[in-house]
Structure formats: C-alpha cells, structure tokens
Amino acid sequence: MVYLLVQLTRHNFIELKETTVERILWLTEDLVAKAVPNLKDLVLSLLQQISVSRKNAKSFTLNKQLVDIFLRHTDWVCSQPERFPSIVFLRFLRQAEEHYGQGQGEIEKLRDAELNLCLRIWQSKQVECVEIGREFVRIFQNVAKYKVLDPIKQELATEVSGKLVLLHMLENRGQMPQQPNQYVGHLLTLEVQKKIEFMLS
C-alpha cells in the first residue's frame, strides 16, 4: 500500500483533488502513528509537492497538514535515518522564509508552526542540521529575526566539535561546502525537477 501511495503522489499529484490529498494525509498520519516501516519515501514525495505559492490551495493544504502531522509526531521524524530529519528541517525553514511578509491570520499561524517544528527538530538533531552547510546559513539569516528561533541562535554561539558554530559558519560561509544533492533536490518540487531533467536530457 505504501508503494502505491508513493507512486500516486509522485506521478499523479497534479490530477488529485484536494479532498483526495486530505484523505492521503489522514492515512499517512495513521501509518506514522502505527510506526509502519518504509514511510520515509511517501513523506518525502509529499514534501516535494509543496510549492511556495499561496495561490495553490492544494499545496497550501498539504503544507499546513504536513506541519501539523510532524508537530504531533516529531519523535517519529527525528527517529528516521538518512538525514530525513534535517531534510524536513530545511524544507520548512525555507517555507517559513517564503511566508515572511505575506500578511497575518492563517499564513502567520502556519509560519509560526513551521518555525516551531524546525526548533523541535533542531533540539533533537542539531549536529545533523548544522551539517546541511551553506544553504542552512543562507536561509537562517533571513528567519533569525523570529524570537521563536532564539534558542537556535544561542546554540550557534556555543561549541560543537570544539568550534564556535555561529562564528565558524559566518566567517567561512564562502568556503563551506554546498549541501549534499539530497538537500538541493528536496527544496524543489517534483514538477520543477522533471522540467530540469527534461531540459538537461
């Protein structure tokens, strides 16, 4: 069943109705709560369908509900292997960056939820998040103004592996390695990835 859901969300998401997406999300949370194995690919597929545009109602619903699911099941997120927690962290840090200055109300609540999720993941997977590299530095500089992220700013000023993290990252930003390709890929929607692959083929 998980395999079929991955194929459906990866290859037919555009054709799905919003009500269908909501049912898939309900089922996904149920599977997460039951600790069903091999869910990572399904969740990553859903993550890559989120766009930055508020005009896309289906994407906005997906964004909001995934954040809610992850907030309810942060322990599950942080228990996943292969840099899954830091992928989720970077993706929603990026969404929070995009949601800056887009008004109050629902979008403001979503941004606050995204930032709270990022803080929870950071508190559990700090070293993994730091290892994202330059893209983390670039995005964090744009969202660091939010007080909810003050604990991250304070920890960046402490030592990790014998180094002052904040000073090291800022002073050597130009020399820091690019984040691994897996991070770059998960900042793009699957639709954009397919277009890039087509142009390069």
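Quick notes
- The conditions of being among the aromatic types (F, W, Y) and over 18 Å from W122 (Cβ atoms) are met by F60.
- One residue from V137, V88 being in a helix (DSSP H, G or I) and at pLDDT below 85: V137
- Output for region 76-85, where each listed residue is in contact with a helix residue (DSSP H, G or I) (Cβ under 6 Å, 6 or more places away or on another chain) and either part of a helix (DSSP H, G or I) or farther than 16 Å from N38 by Cβ (or both): W76, V77, C78, F84, P85
- The residue that is surrounded by the fewest Cβ atoms within 10 Å (Cβ to Cβ), among those in region 1-31 that are of a type in the set (D, E, K, R) and under 18 Å from the mean Cα position of the chain (by Cα), is R10.
- Qualifying residue in region 99-112 (condition: β-branched (V, I, T) and modelled with pLDDT of 90 or more): no
- Filtering region 26-47 to residues that are hydrophobic (A, V, I, L, M, F, W, C) and in contact with a Ser or Thr (Cβ under 8 Å, 6 or more places away or on another chain) leaves L39, L42, V43, L46.
- Cβ pairs under 7 Å, 6+ apart, first in region 81-97 and in contact (Cβ under 8 Å) with a residue 60 or more places away in the chain, second surrounded by fewer than 24 Cβ atoms within 10 Å (Cβ to Cβ) and of a type in the set (S, T, N, Q): R83/Q182; I87/Q182
- Single residue of region 32-75 satisfying the filter (small (G, A, S) and not in a loop (DSSP other than H, G, I, E, B)) that is surrounded by the fewest Cβ atoms within 10 Å (Cβ to Cβ): A57
The values are calculated or read from the model by the stated rules, or taken from the named source; none is laboratory data. Please read all numbers here as calculations on a predicted model, not as lab measurements. For neighbour counting, all protein chains shown are included, and Cβ atoms are generated from backbone atoms with ideal geometry for every residue, glycine included.
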